[in-house]
Amino acid sequence: MNKILEKPNIENNSVYIDDNKKRANQNKISQNNTKNRLVKKELVKSIVVKNKTNDKKDIIQSYILTVAKYDFSIYEKRILYRIIECFQYQLQGKKLNKWFSINEKLNGDVDIVLPISSLLVNNDDHYSRIKKALVSLLDKKIIINNNMNDNDDKIWKAFSFIERPEIDKRGVIEFRLHPEIYKALLDFSKGFRKYELETAMAFKSVYSMRFYELISGQKKQLEYSIEKLRNIFQLEDKYKNPRHFISYVVNSAKKELDLKAPYSFNYQLEYEKDRNKKGRKKIVGITFVPIYNLKNRNGILDHNDKCRNNNLSNILIHEEKEIFILLGFSEQELKTRYYDLILDIDKARKQGKIVITSSIIEYSKKAKNPKTYLIKSLMKEIKNWKEGLLEKQSTNENDRNVYDKEKASVYSFLKNHLILSGIELEKTMNYVIERGSEAYLNELVRAYNDNNSGKIDDEKIRKHLKRGIENQ
């Protein structure tokens, strides 16, 4: 028989194979598995390299999920972040990247497809950890305790976080979400947290991830008891000494947030009020004071925030704004898609260049697509205006270079030829420049040039300049 037998699990299957046959089969299986692993790894790697996603975006996460009780690894958190990202695209009506997909079934189950590349950051190639994370999520149980007043007559529910995880040859992972998980991830009834996806994906500590979610975008102080935090992070059986919890969880997270995140925190410890025993008072709570680190904020996202928050009336004059509205633009559209163009229109106007001319307005009104015509026309006007500024700047730069060369020539003659220095050199330099710089010096040289010897009478030039300065 040429067929290669799969290696049996002797523990679970009472199968006996002759030692020689068994050894031969194991060698073939080992060679075949090694070959398959190499081929699969190369296949996955080739896909992983090609399918990088754009993580420079803010994502919105349910506050219920932010303070939920769970203990995830780094890779499990990354899978969760990608699920949230997909849901955000779905809520906004945006089209997902072709390697991502969400498919809601008739029974409420939701099938998710994610590329492996989206879970790897900073040249990470730990594919086995992704598989381990999927198995771990499959084993994790979500418990829901309903209040007796709820409409749902079931007071207790339990189910796996994900179901049916798979990794296929395309380099993508597939799994299914229970409807209750789907519902919980989209439940914004208690509020939400907004944070940078790229920053969250790059953290090396799961504690940094959790604290970043808690603190991101916050301005008010947050107060938590030690027990509440340990409960949220599922650390009831670890770091039982509050000082150890502060050191290994809070401080380690703060250190990474300070280094990488736009939001970090300082904190104040709360101690028990009364203590019957001797020794230091027990730490019972923490007050977190949010800190915004602009240097760690993505520049594009920060710019987009300012666009959304700025009032167009502070940039466009009333007539300009009315023209945009007349042609069908919304204020939100102008702030999100054409904000840079709006700023250029304002800059041009302040420098005397009117970009929105009456002819552009009239042609836009008659155009088949007025909005497109107006934007293209304005962009062309701005481009011409900027090119004119560059040309003018270049001319001024050339003039300045000529002037600087003349100054250097005058300075060199006064210092090295007439042997002037200090205050005398400075005064003489200013005097010569006021009277024509190099051209004025050339006149003096010709006036005090000895025709017989061809030498310049330096002393006479010095006296001439001295008298001129004294008579000013």
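Read-outs throughout are calculated quantities, based only on the coordinates presented, and are distinct from any laboratory measurement. Given the structure is predicted, the values throughout are model-derived calculations rather than measurements. All Cβ positions, glycine included, derive from the backbone under ideal geometry; neighbour counts span all protein chains shown.
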Legend entry - Magnitude of the charge dipole, the range 310-396, Cβ model with Lys/Arg +1 and Asp/Glu -1, debye to 20: 220 debye
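What are the trypsin sites (Lys or Arg not before Pro) within the range 188-218 that DSSP puts in a loop, where the Cβ has at most 15 other Cβ atoms within 10 Å? Mind showing how you got there, number by number?
Working: sites: 190, 193, 194, 204, 210; in loops: 190, 204.
Answer by residue number: 190, 204.
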Inset, instruction - Neighbouring Cβ atoms within 10 Å as the yardstick, rank 432, 355 fewest first. - result: 355, 432
Legend entry - Whole-Hz couplings from phi, Karplus 6.51/-1.76/1.60, listed for the range 257-265; x for Gly and Pro: 5, 4, 7, 10, 9, x, 10, 9, 7
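Given the Cα-Cα distance of residue 204 and residue 111 and 0.36 nm per residue of separation, how much length would full extension add, in nm?
Numbers: separation 93, 0.36 × 93 = 33.48 nm, distance 2.82 nm.
Full extension from residue 204 to residue 111 adds 30.7 nm.
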Inset, instruction - List 247, 208, 358 from most exposed to least, where exposure is judged by having the fewest other Cβ atoms within 10 Å. - result: 358, 247, 208
Legend entry - Check: the range 418-470 dipole with +1 on Lys, Arg Cβ and -1 on Asp, Glu Cβ, in debye: 120 debye
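Within 10 Å of each candidate Cβ there may be at most 16 other Cβ atoms; applying that plus a DSSP loop requirement, which trypsin sites (Lys or Arg not before Pro) in the range 219-292 survive? Please report the intermediate quantities before stating the final value.
Values: sites: 219, 220, 228, 230, 238, 240, 243, 254, 255, 260, 273, 275, 277, 278, 280, 281, 282; in loops: 219, 220, 238, 240, 273, 275, 277, 278, 280, 281, 282.
Passing both the DSSP loop test and the Cβ count: 219, 220, 238, 240, 273, 275, 277, 278, 280, 281, 282.
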